[in-house]
Amino acid sequence: MASDDVLSSLGLQGASAAAHALSLPADAYGNDPQLEVMWAMKAYNHAEVYFNLISSVDPKFLKLTKLDDDIYKLFRETFKDLDIRKLQPDDLKSDQMKEVWRPFCNQFQGLIEDFNYGTLLRLDCEKDYTEENTIFATRTQFFAVEVARNKEGCNDAVFTSKSSKS
């Protein structure tokens, strides 16, 4: 079922129920397929909004959170050599990297809303969200990588590509 079909089938009352369901703690659910679809739609919508944003506003002027400078400083102290232009899945998902990411992300608990909420992250910063170019990451990982990409000029290619077509 396409996301538009799911949204329209939810209706206003369903959207309210979905919002309530998504606000409950994860341990209140098992592996509910409908909930997984709602989370996936929310992550997809976030990705779409973010890509439209970096396509229409020069990324070096974007402020994603009030903590961007702190996130960036700690990210580059922790991940000095991480190639943020073209991430590899192991940069986020290998057992070794999970041991580095976990304490990094946990220091933002209570500072970043839904700091460990699942979101979508592009692997190659010069490309759009596609099945091949997207990985599931935590919200903190997303902010760390995308703040760094914006500050280091990596997302400029998306902005210049989209703005030159206008």
Exercise. Mean shadow of region 37-145, computed from the convex hull of its alpha carbons, in nm²?
Worked result: 6.9
Problem set entry | Exposure of D81 as accessible area (Å², to 10), given a probe of 1.4 Å and all protein chains | 150
Exercise. Can you give the FRET efficiency for D114 and T160, using 1/(1 + (r/R0)^6), R0 = 25 Å, r = Cβ-Cβ distance, to the nearest 0.05?
Worked result: 0.20
For this session: Measure off, as a whole percent, the carbon and sulfur share of the 1.4 Å-probe accessible area of region 50-158, all protein chains present.
Result: 49
Exercise. Ignoring ligands, DNA and RNA, what accessible area per residue does region 45-153 give at 1.4 Å, in Å²?
Worked result: 55
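The values are calculated or read from the model by the stated rules, or taken from the named source; none is laboratory data. Since we're looking at a predicted model, the values are computed, not measured. We place every Cβ from the backbone using ideal geometry, glycine too, and count neighbours over all the protein chains shown. Protein only, heavy atoms only, side chains kept; ligands, DNA and RNA dropped before computing areas. Shrake-Rupley method; radii C 1.70, N 1.55, O 1.52, S 1.80 Å.
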